[in-house]
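In what follows, a structure is listed as structure tokens, so that the remarks can point back to it.
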Amino acid sequence: MRFNSKPEKSLISILKKHSGRDNSGTISVRHQGGRQKRFYREVDFKREKKDIIGEVVRIEKDPNRNAFLALIKYKDKELKYIIQPKDLKPGDQVIASQKADIKIGNALPLKNIPIGVSVHNVEIFPGKGAQIIRSAGAAAVIVAHEDKYTQLKLSSGEVKRFFNDCWATIGQVGNIEHKDEIIGRAGRKILMGIRPTVRGTAQNPRSHPHGGGEGRSGEGMHPKTPWGKSARGTRTRKKNLWSSQLIVQRKK
């Protein structure tokens with residue numbers, strides 16, 4: 001898909017580059033830096049324009065995420081960005097309402113969406129705005145309604161409960177072909193802000209547990225992170241996380 005339009009000026013701001021460094025100036029996320037200048041698009045994850053019909057003006061590419069954005073113009077002339085669901089096209093109409101139709105791009109509370117419908121942009125806390133199921137091709141399926149919870153089956157296979165008053169958008173996130181995209185060259189990766197990753201076996205023993213030895217002698221040991229933690233098959237989820245009680249079925 002080709003995009004020739006510039007972003008809406010009223011909805012963008014300069015995105016500051018931190019190159020993986022935290023507030024103390026030390027690198028807390030490795031392999032980041034060298035990115036091109038970018039603008040941040042203000043995306044309406046809360047779907048604040050309730051009960052007002054909006055029309056899709058155009059579909060845009062966002063350099064900050066792998067999903068496309070849809071620019072929506074509402075009846076009161078206000079413009080907003082939303083994550084583009086699959087098959088949403090310019091000219092289509094969307095609405096966020098308690099009694100909206102079960103149609104792609106419409107937003108409703110989970111309690112008002114029938115079982116078996118695919119959703120994305122799901123809130124974790126009612127009114128906070130969508131926090132999960134926002135990446136390209138992502139979707140969850142509603143499998144049950146309980147007393148004050150709705151059960152969703154996530155793309156990982158996990159079945160999880162969400163509060164009935166959490167809002168979600170109907171449909172699957174667009175740009176499904178993103179997973180098949182070929183970067184092509186190292187320079188493009190640098191422009192995306194991703195620096196080279198050096199193998200642990202190519203480093204010295206002070207920099208990585210796999211380092212050192214004569215020749216290529218790093219094979220045969222258990223995979224470890226640069227900090228000596230197990231790097232394969234170890235569960236990293238916090239044991240006493242509050243949301244564990246909302247998990248109905250673990251992911252495989």
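Rule-based calculations on the coordinates, nothing more; no lab input. Here the structure is a predicted model, which means the values were calculated and not measured. All Cβ positions, glycine included, derive from the backbone under ideal geometry; neighbour counts span all protein chains shown.
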Within the stretch 217-234, considering residues that are among the basic types (Lys, Arg) and either part of a loop (DSSP other than H, G, I, E, B) or touching a Ser or Thr at 6+ places or on another chain (Cβ under 6 Å) (or both), the one farthest from ARG206 (Cα to Cα):
ARG232
Just need a number here: residues in the stretch 1-50 that are over 20 Å from LEU69 (Cβ atoms) and of a type in the set (Ser, Thr, Tyr).
4
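Within the stretch 137-169, how many residues are polar (S, T, N, Q), farther than 15 Å from ILE115 by Cβ and in a loop (DSSP other than H, G, I, E, B)?
Residues in the stretch 137-169 being polar (S, T, N, Q), farther than 15 Å from ILE115 by Cβ and in a loop (DSSP other than H, G, I, E, B): 2 in total.
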Surrounded by 14 or more Cβ atoms within 10 Å (Cβ to Cβ) and in contact with a strand residue (DSSP E or B) (Cβ under 6 Å, 6 or more places away or on another chain) - does that describe any residue in the stretch 177-188?
no
Looking at the structure I just gave you, is LYS179 in a strand (DSSP E or B), over 24 Å from ILE95 (Cα atoms) and not acidic (Asp, Glu)?
no
